[in-house]
Every structure is written in C-alpha cells, then in structure tokens.
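Step one of this worksheet: look at the structure below.
Nothing in this text is a laboratory measurement; each read-out follows from the coordinates by a stated rule. Quantities reported herein were computed from a predicted structural model and do not represent experimental measurements. Every residue, glycine as well, gets a Cβ built from its backbone with ideal geometry; the counts of neighbours run over all protein chains shown.
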Amino acid sequence: MSKFDEREKAFEGKYKLDQERAFKANARRCKLVGLWAAEKMGITGEDAAAYAKEVVISDFEKPGQDDVVEKVLADLTGKGLDISEHMVRVEMDRCYEEAARQISEEEA
C-alpha cells in the first residue's frame, strides 16, 4: 500500500470517527435540552427521562434542529412559560457544548 493510500485511509477513518462523534453529541444535546425543558415544566424523575427521549426522537422528523426547537418551544409555551425561540436555541447551543465535552471525556 502506498503512502498516499495510507493517508487516504487514515483521513477516511478520521472522517468516520468525526461523524460518529457528531451524531452522538447531537443525540446527547437533544437529551440534555429535553431534561432542561422538563425541569422548566416541573417534570421530574422517570417522566423527565421519558420526555427527554421524546425530544431525541423528535430530532429525526426532519433535517436540522428546527424540529427539536419547535417541539420544545411548543411544549414550554403550552405550559404557559414565557420562553422565546431564541432562548431555546441558546440552550441548545449550550447543551451541544456540554454533550461534546461529555462524549470526549467518555472516550478518553
């Protein structure tokens, strides 16, 4: 195998690993956002975990994160909470950073 082939294989492996990490971080982010929203709505324990799972599943409805934002925002405002879309997106960004940190620590 030539050096070029070895480098190509290494890049492909890194790309695959990066994609797997991004997928895991995105799913973890959705879970963390779900737990955050559950807390805001006064949902605790197993019910909070179940709600977080619903949020994770909602991410598969359409590409991007808009489906998660729509679900969480609708649920929060449906409970009478004064939460803006911007606030949900800021929390999603914070949760993504936390999710990526957690996954990095788990892999170390």
Segment 1-52: number of residues that are in contact with a Ser or Thr (Cβ under 9 Å, 6 or more places away or on another chain) and among the basic types (Lys, Arg): 1
Given (1) basic (Lys, Arg); (2) assigned to a loop (DSSP other than H, G, I, E, B); (3) closer than 21 Å to Gln102 by Cβ, index of the condition Arg28 fails: (2)
For Lys53, only one of the following conditions fails: (1) under 12 Å from the mean Cα position of the chain (by Cα); (2) over 25 Å from Val88 (Cα atoms). What is its number? (2)
Scanning segment 88-108 for residues that are surrounded by 15 or more Cβ atoms within 10 Å (Cβ to Cβ) and of a type in the set (A, V, I, L, M) gives Val88, Met92, Ala99, Ala100, Ile103
Expected output for segment 3-26 (first residue surrounded by 11 or more Cβ atoms within 10 Å (Cβ to Cβ), partner in a helix (DSSP H, G or I), Cβ below 7 Å, 6+ apart or cross-chain) is Arg21/Ile103; Lys24/Ile103; Ala25/Tyr96; Ala25/Ala99; Ala25/Ala100; Ala25/Ile103
Residue pairs qualifying under the 7 Å Cβ cut-off, at least six apart or on distinct chains, with the first in segment 45-67 being exposed (fewer than 14 other Cβ atoms within 10 Å of the Cβ) and the second being in a helix (DSSP H, G or I), are Glu61/Asp67
Residue, surrounded by the fewest Cβ atoms within 10 Å (Cβ to Cβ), within segment 68-85, restricted to residues that are in a helix (DSSP H, G or I) and touching a residue at least 24 places away in the same chain (Cβ under 8 Å): Leu76
Hey, can you tell me all the residues within segment 86-103 that are without any contact (Cβ under 8 Å) to a residue 40 or more places away in the chain and over 11 Å from the mean Cα position of the chain (by Cα)? His86, Met87, Arg89, Val90, Arg101
